[in-house]
Amino acid sequence: MRRPDEKIIPLASLTQGRAPLDTLQRPIHDLRISVMDRCNFRCPYCMPRETFHDSYRFLKSSERLDFAELLRLTRLFVRAGVKKVRITGGEPLLRPNLADFIGDLTSISGIEDIALTTNGVLLAKYASELKAAGLGRITVSLDTLDPQVFEKLSGGFAGVADVLDGIEHARRAGLSPIKLNTVIQRGVNDHTAMDLLAHFRGTGVIVRFIEYMDVGTRNHWKPEMVMPSRELAASIHARWPISARGRNYPGEVAERYTYDDGAGEIGFISSVSQPFCGDCSRARLSSDGSLYTCLFATVGTDLRAPLRGGASDDDLFEILRSAWSQRRDRYSEMRASLRDAAGLHKVEMNYIGG
Ligand code: SAM
Ligand code: SF4
Ligand code: SF4
């Protein structure tokens, strides 16, 4: 029984301001911000043309969070534990004045790492500006060096040479390290993986192979199209011996390997064959301000309505703290049983960012 002088302390005030853990005791460490849902490519595994056609309704610019709103939310995510921010999309370099936003992000204390993922085509134009604004490193997506396969995989809006030129501009601007994201699909570009490695071995550019995932609902994913990392690693090892180096920190998505001959590092992101949900500490913010706690989520938490409706920082923090505390996502670990149930409603990757 309560003593008459005993104060009732509301639960919310006890937890307010604290970095939350989800139901599986996972903290928030990374924030991925999709600054733009549009893209200048139409990669069939992400934004197939038949869905993302000329009359597809993308967000209006007024529906996207502006930079001041994004910065305010980012500060609250940092209060919740975020140390690493990745800018993504859609194609983030289509967002006007992105370098200004990156410059402002660098002034938020608590952020230890800012990265950007891009298809690379606009790097020739923006690499120096991004570097000057304070961007440290960059990830460029490049699935193949074969011009025909590239055309098929990017939708035909640019050529391999444009991406290589973008990478060269990033290198000259001093963005380092440069990592490549290479999605391998069996029967589509697996036969070009060795050429890609041969090109980048010894250059300092780190190629990271990503298993093809069933993100969204539009890419006609089939399990047999996934090339398991172990199989790919074995073929690479047969040509250039490699050794496992583990992960840099718990929750890092890529498993690192180095060439035994000293030609550098490569990585494997094996979200299908070796899911890493147990350590997943990534939150995703869509361009219109919804928080998603999993790449395969079916619903998000709207932060834009309260943000634009006059909510205080504490109110907004409480919304995101509560969303994270209730998180129980582990889609990749339960893919087989969840796939059919989630299949129709999963959010698309261009909207929440990869
Ligand atoms: N447009 C930028 C780019 O391509 O780098 C940033 C956004 S894109 C959605 C981020 C990453 O997601 C890219 O590296 C892309 O290859 C990867 N991605 C997209 N769809 C994928 C899928 N179905 N499976 C695995 N990776 C995928
Ligand atoms: Fe665009 Fe990146 Fe998706 Fe390709 S993977 S369609 S470049 S957002
Ligand atoms: Fe994280 Fe969801 Fe991917 Fe699992 S499936 S690693 S919870 S994003």
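Structure summary
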read-out: Where the chain is the region considered: accessible area per residue in Å², 1.4 Å probe; value: 45 Å²
read-out: Partners for K83 among aspartates and glutamates (Cα-Cα distance below 12 Å; same-chain residues under 8 apart left out); value: D30, E112, D113
read-out: Theoretical FRET efficiency, 1/(1+(r/R0)^6), r = Cβ-Cβ of V299 and D165, R0 51 Å, to 0.05; value: 0.80
read-out: Rg/Rh for the range 203-354, where both radii come from Cα atoms and Rh is the Kirkwood radius; value: 1.05
read-out: Spherically averaged projected area of the range 12-83 from its Cα convex hull (nm²); value: 7.6 nm²
read-out: Carbon + sulfur, % of accessible area of the chain - ligands and nucleic acids excluded, 1.4 Å; value: 51 percent
read-out: Residue-span extension gain [R201 to D313] - 0.36 nm each, minus C-alpha spacing; value: 35.6 nm
read-out: Computed Rg/Rh of the range 101-247, alpha carbon atoms with Kirkwood Rh; value: 0.99
read-out: Cα-based equivalent ellipsoid, the range 22-62: semi-axes from gyration tensor eigenvalues, Å; value: 30, 14, 9
read-out: Between the range 288-352 and the range 165-220, the Cα center-to-center distance that results, in Å; value: 28 Å
read-out: Relative contact order computed over the range 24-352 (Cα-Cα under 8 Å; 6+ residues apart), in percent; value: 21 percent
read-out: By average C-beta atoms within 10 angstrom, highest first, the peptides 245-253, 328-336; value: 328-336, 245-253
read-out: Convex hull volume per residue for the chain, taking Cα atoms only, in Å³; value: 154 Å³
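The values are calculated or read from the model by the stated rules, or taken from the named source; none is laboratory data. Since we're looking at a predicted model, the values are computed, not measured. No Cβ is skipped: glycine too gets one built from the backbone with ideal geometry, and neighbour counts run over all protein chains shown. With ligands, DNA and RNA removed, areas are computed over all heavy atoms of the protein, side chains included. Shrake-Rupley method; radii C 1.70, N 1.55, O 1.52, S 1.80 Å.
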